[in-house]
Amino acid sequence: MKQNDFIDLLFPEAFVKKIDIKEMTPCTADPDRIKFLAQADKPLGEVLPILYLSIPNAKYSEKLEALTYRYKQHLVTMFSTGRIGMTYVKDRNEAEQLVEEAKNLINRAFLHLKTHGKPTSELIGAKKELDPTKIYEKLPKTNCKECGEQGCFAFAAKLLNSEKSLLDCPPITTEKYSASKTQIEKMMQPIKL
């Protein structure tokens with residue numbers, strides 16, 4: 001018995017079994033690409049906060065009950081109703097692959113919900129208040145430009161927007177700054193799925 005089968009046996013009602021692609025249209029940014037809308041077979045409202053805390057570049061609106069984030073070159077939007085949209089997709093095969101990847105991510109979030117409960121509003125608030133200054137405070141502040149930016153503050157801004165990775169900063173990967181690196185990772189991604 002595979003681990004997923006065992007988990008599904010414990011929480012049969014907890015997971016998304018199917019996400020159907022409902023509509024495909026030409027992508028606004030590139031007519032050679034498509035965008036699509038899909039529908040999960042269950043609401044996603046309970047796991048949107050978990051996904052928000054596990055995806056470093058995600059934006060979450062409690063008012064709209066929606067989560068948006070970049071995945072590779074795609075813009076992904078998930079709604080509490082189970083509706084999912086993705087842009088800049090090559091073809092139907094890629095769309096189906098992306099839907100499967102999204103389903104796996106969503107189900108890991110449902111498993112986290114079942115095993116850890118709902119995240120606190122303080123944790124969600126701390127991520128919403130995260131800005132380049134808070135990241136900059138944890139960086140080495142050497143302004144060495146090894147990351148390709150003019151300084152550490154510019155790097156912090158690009159890191160927050162997922163235009164850069166912590167690995168782009170050679171000093172932060174050294175033993176001297178390992179605690180700072182861990183703190184930045186925890187600030188940007190409080191939950192690991």
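Summary table
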quantity	calculated
Residue satisfying all of: in segment 112-164; part of a helix (DSSP H, G or I) and charged (D, E, K, R); nearest to Ala14 (Cα to Cα) among these	Lys114
Positions within segment 61-71 being under 17 Å from Ile106 (Cα atoms) and out of contact with any Ser or Thr (no Cβ under 8 Å at 6 or more places or on another chain), in sequence order	Tyr69, Tyr71
Filter result (surrounded by 16 or more Cβ atoms within 10 Å (Cβ to Cβ) and aliphatic (A, V, I, L, M)) within segment 131-184	Ile135, Leu139, Ala154, Ala156, Ala157, Leu159, Leu160, Leu166, Ile172, Ile184
Test for Ala109: is it of a type in the set (Gly, Ala, Ser), at pLDDT below 95 and part of a helix (DSSP H, G or I)	no
Residue ID - nearest to the chain's Cα centre (by Cα), chosen from residues in segment 115-143 that are under 14 Å from Ile191 (Cβ atoms) and among the basic types (Lys, Arg)	Lys127
Pair list, Cβ under 8 Å, 6 or more apart: segment 73-84 residue free of Cβ contacts under 8 Å to residues at least 12 places away in the same chain, other residue in a strand (DSSP E or B) and surrounded by 17 or more Cβ atoms within 10 Å (Cβ to Cβ)	Thr77/Ala66; Thr77/Leu67; Thr77/Thr68; Thr77/Ile84; Thr77/Gly85; Thr77/Met86
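Residue-wise test of (1) among the aromatic types (Phe, Trp, Tyr); (2) over 26 Å from Gln183 (Cα atoms); (3) assigned by TED's automatic domain parsing to the domain that holds Ser162; (4) surrounded by fewer than 16 Cβ atoms within 10 Å (Cβ to Cβ).
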{"position": "Glu46", "(1), (2), (3), (4)": "no, yes, no, yes"}
{"position": "Glu62", "(1), (2), (3), (4)": "no, no, no, yes"}
{"position": "Met78", "(1), (2), (3), (4)": "no, yes, no, no"}
{"position": "Arg92", "(1), (2), (3), (4)": "no, yes, no, yes"}
{"position": "Gln97", "(1), (2), (3), (4)": "no, yes, no, yes"}
{"position": "Glu101", "(1), (2), (3), (4)": "no, yes, no, yes"}
{"position": "Leu105", "(1), (2), (3), (4)": "no, no, no, no"}
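The values are calculated or read from the model by the stated rules, or taken from the named source; none is laboratory data. Keep in mind it's a predicted model, so treat the numbers as computed, not measured. No Cβ is skipped: glycine too gets one built from the backbone with ideal geometry, and neighbour counts run over all protein chains shown.
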